[in-house]
Each structure stands twice: as C-alpha cells, then as structure tokens.
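The values are calculated or read from the model by the stated rules, or taken from the named source; none is laboratory data. Predicted model only: the values in this text are computed from it and were never measured. Here the Cβ is made from the backbone with ideal geometry for all residues, glycine too, and neighbour counts use every protein chain on show. Surface accessibility is based on the protein's heavy atoms, side chains included, excluding ligands, DNA and RNA. Shrake-Rupley method; radii C 1.70, N 1.55, O 1.52, S 1.80 Å.
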Amino acid sequence: MDLIQEPRPTPAVLTEKPAQRVIEIDTVEGNISGADFYNQYVKPRKPLLLKGATRDWEACQQWNLEYLKNLQNDRELTVKKATIQDGATEQMTLSAYVSLLEAFEQSTEPQKGKPPYLHDVGLFNIMPELTKSIDFSTVAPYFPSFYHAHWWKYVQFFVSIKGHITPLHFG
C-alpha cells in the first residue's frame, strides 16, 4: 500500500495552513478484472495504484528518447515554455524537442532555465501508426465503454526533463 497526504478541510482562516491527513492507497501489481475495478474502486471512489498493467506493451519496451527522436515525422508540436501558467508556447518537431532535452540533461554547464515542456499533445492523432505499440485491450476494462472505439483520440502525451513537476489540472 502506498500513502499520500491529502489536505483536510479546515475553517476558512487565511493565516492557517490546511491540516494534512494520510490516506492509504491500495496497490495492485498487474491487472484486475473490470468488474473488481469498478466495484472496489470506481463505485466507492477509492484510489488505486495499478502497477505494471502496461509493462508488456511494445511501447513500454521500445519507446525512449532515441526512439522518439528518430520517428519520421516533421510535423511541428506545441511545447510550453517557462511555466505552464504563463502560457508561452513554441513550435518544434518531436526530433528537435528530444534533442533539446538531451542537450539539457547532458550539459555540465549551469542552466538558466528549464527546456520547454511537451504537454497535452494528442500524439496518436498526429502519428496514428504509434497505436500499434499499444495493446489497449489490457486496460480497456478500466475505461468507460464510449472510450473504447476511439481511445487514441483521448490520449494525451507528456514529456519533459527528469524531475519536472507540473499541475495535471487547471482550476
């Protein structure tokens, strides 16, 4: 079981920080049935950490920065510069982006800032051939049925340097 801290609601006092409480999160190695997932986790709104459910996917075996850099596609992607909240963007190819990340990670010189962040990119819409590396059937039971027929349309791709932290949602 993994533990995360979740803010506990407190009275609206501006000078107080929210109290923290620890919640336990079940961990499942591999897959569980769709019925068990729904009944034990979705329906009661209980978090679950599912580890290794996709480990046998071709994408998990092949995809790394070198693989992405060598994909034959010259379509430009939008990368986010500075902080995501600033909204500044730049256009570049996936190959150019990966080269930028590699240069940043390998540099021994002090860095002025972080490289851009590839955020919310519908990669399978841009390069549909990459869906062949994904066996969606192994995770399909965890998604609503409307998702199944065109799952690749909903997948968002995120890439950045090691240790990059960003919000997953905007409020």
Checklist entry - Restricting attention to the stretch 115-164, and to residues there that are more than 21 Å from Ala103 (Cβ to Cβ), assigned to a loop (DSSP other than H, G, I, E, B) and of a type in the set (Val, Ile, Thr), which single residue is modelled with the lowest pLDDT? => result Val155
Checklist entry - Would you say Thr89 is of a type in the set (Ser, Thr, Tyr), in contact with a strand residue (DSSP E or B) (Cβ under 9 Å, 6 or more places away or on another chain) and either open to solvent by 40 Å² or more (accessible area, probe 1.4 Å) or over 30 Å from Glu29 (Cα atoms) (or both)? => result yes
Next on the checklist: Quick check on the stretch 1-29: of everything there that is open to solvent by 50 Å² or more (accessible area, probe 1.4 Å), among the β-branched types (Val, Ile, Thr) and over 22 Å from the mean Cα position of the chain (by Cα), which residue is modelled with the highest pLDDT?
Outcome noted: Val22
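Table: residues versus (1) open to solvent by less than 50 Å² (accessible area, probe 1.4 Å); (2) charged (D, E, K, R).
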{"position": "Asn31", "(1), (2)": "no, no"}
{"position": "Gln40", "(1), (2)": "no, no"}
{"position": "Arg45", "(1), (2)": "no, yes"}
{"position": "Thr54", "(1), (2)": "yes, no"}
{"position": "Gln62", "(1), (2)": "no, no"}
{"position": "Lys80", "(1), (2)": "yes, yes"}
{"position": "Gly113", "(1), (2)": "yes, no"}
{"position": "Tyr117", "(1), (2)": "yes, no"}
Checklist entry - Does Glu109 qualify as being more than 21 Å from the chain's Cα centre (by Cα) and more than 29 Å from Lys132 (Cα to Cα)? => result yes
Checklist entry - Could you say whether any residue in the stretch 67-77 is in contact with a His (Cβ under 7 Å, 6 or more places away or on another chain), open to solvent by less than 80 Å² (accessible area, probe 1.4 Å) and among the aliphatic types (A, V, I, L, M)? => result no
Next on the checklist: Checking the structure you have, find out if any residue of the stretch 93-102 is in contact with a helix residue (DSSP H, G or I) (Cβ under 8 Å, 6 or more places away or on another chain), open to solvent by less than 40 Å² (accessible area, probe 1.4 Å), among the acidic types (Asp, Glu) and in contact (Cβ under 8 Å) with a residue 12 or more places away in the chain.
Outcome noted: yes
